[in-house]
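Below: one structure, written as structure tokens.
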Amino acid sequence: MSVWDAGYDLGMMDQTFLILISLLLLLVNAVGVFLVLMQLPGTWLMLGATVGVAWWRWDGWSGVGVIGGWTLVLLLVLALLGELVEFLGPAMGAVKEKSSRRAAVLAVVGGVVGAIVGTVVLVFLPVVGTLIGAVVGSGVFSMMGDLWAGREWESALRGGKGAAVGRFWGAIGKLMIAIGMWVVVAGALVWA
């Protein structure tokens, strides 16, 4: 049974309000996908907004209401997976190229620092500047970590390249997960 069934009495104003709230949730979640593209925590905005709407119309784990409990659990798992993919990408890329542990840790830190610097320095390239900064930051910090650990320049360069490639694919992976979260919420609203 869902809120749209005839057995669940909604007045015309309530139905209109529910549709407007659902459309607003989809818009907020689309902004969350864009934030992920900007290397910001959009998946958590999506989860928070969806939890808020679910709480507003909560009627237990049975799925009666706007969003069911299992949908929220799935969104939480996807948000955590997105963070894992994004943050482990540069580290795994560096490790794949036989970099030091220090280089792998610094690749993750460099991705965050690089995203911030890329956003500020490359302000004329709104989305691309942030991604370029994150990728370059991961690579440069990984190289610094390998050089600090006493590795040769050529080895450090390979590790930096691996970290940069890992950061890029980590960002793409998290973006795909955010799009998947949007689809899950849209589906839950349609079939609620």
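Using alpha carbons only, how many degrees (0 to 90, rounded to 10) separate the axis of helix 153-190 from the longest principal axis of the chain?
Long axis of 153-190 versus the principal axis of the chain: about 0 degrees.
Less than 13 Å Cβ to Cβ from residue 107, Lys/Arg counted +1 and Asp/Glu -1: what total charge do the surrounding residues give?
That works out to +3.
Given a Förster distance of 35 angstrom, what is the FRET efficiency for residue 101 paired with residue 51, based on the Cβ-Cβ distance and rounded to 0.05?
That pair, residue 101 with residue 51, gives E of 0.45.
Run the helix sum for the chain: -39,500 (n - 2.57) per DSSP H stretch of 4+ residues, divided by residue count, reported at 222 nm to the nearest 500 deg cm²/dmol.
-28000 deg cm²/dmol
Report the residue, chosen from 51, 165, 120, that carries the largest GNM mean-square fluctuation when the chain is represented by alpha-carbon nodes joined by springs under 10 Å.
Result for the chain, Cα springs under 10 Å: 120 fluctuates most.
For the residue pair residue 80 and residue 124, what label-to-label distance in nm results when each label sits 7 Å from Cα along the Cα-to-beta-carbon direction?
So the two model labels end up 4.4 nm from each other.
Once the Cα atoms of helix 12-37 and of the chain are each reduced to a long axis, what angle between those two axes, in degrees from 0 to 90 to the nearest 10, is obtained?
0 degrees
Working from Cα positions, state the angle (0 to 90°, nearest 10) between the long axis of helix 42-56 and the longest principal axis of the chain.
With rounding to tens, the tilt is 20 degrees.
Using a 7 Å offset from the Cα along the Cα-to-Cβ direction at both residue 152 and residue 116, what is the distance between the two label points in nm, to one decimal?
So the two model labels end up 3.6 nm from each other.
Just so you know, all these numbers are worked out from the coordinates, no wet-lab data involved. Being a predicted model, the structure only gives us computed values, none of them experimental. FYI the Cβ positions are ideal-geometry reconstructions off the backbone, even for glycines, and counts take in every protein chain you see.
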